[in-house]
């Protein structure tokens, strides 16, 4: 997936070009977003549900350190890839859960 970074001015210009109903809906959606403190508190409440076990976190940290030092073997690289995939899935699952809980509020 391609990522596009916009400046605030570019974002403002793009929003101005939206048809009025879409602009209004965007503003309503933004106003319904939780405050940063609320979002942080919600994430802290569910984090344990989606957190990797301590042993896997420790193993991933050790493998990342070896990778940074350039001493990772091919087998360790595959193990690290699997742990990173698992971490990313859990992070996505947590984000989806937070999104669902935000919509039901």
Check: What is the helix-to-structure angle for 20-32, meaning the angle in degrees between its Cα long axis and the longest Cα principal axis of the chain, kept from 0 to 90 and rounded to the nearest 10?
Finding: 50
Notebook entry, point to check: What's the exposure ranking of 9, 76, 38, going from fewest to most Cβ atoms within 10 Å?
Noted result: 9, 38, 76
Next item on the list: Arrange the following residues from fewest to most other Cβ atoms within 10 Å of their Cβ: 84, 4.
Entry: 4, 84
Notebook entry, point to check: Taking the Cβ-Cβ separation of residue 57 and residue 3 as r and a Förster radius of 41 Å, what is the calculated FRET efficiency to the nearest 0.05?
Noted result: 0.95
Check: What ratio of Cα Rg to 2.2 N^0.38 Å holds for the chain?
Finding: 1.52
Note to self: So if I take the centroid of the Cα atoms in region 63-105 and the same for region 15-56, what is the distance between those two points in Å?
What the structure shows: 20
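No value in this document is a laboratory result; all are computed from the given coordinates. A quick note: this is a predicted structure, and the numbers were derived from the prediction, not measured. Note: ideal-geometry Cβ built from the backbone for every residue, glycine included; neighbour counts use all protein chains shown.
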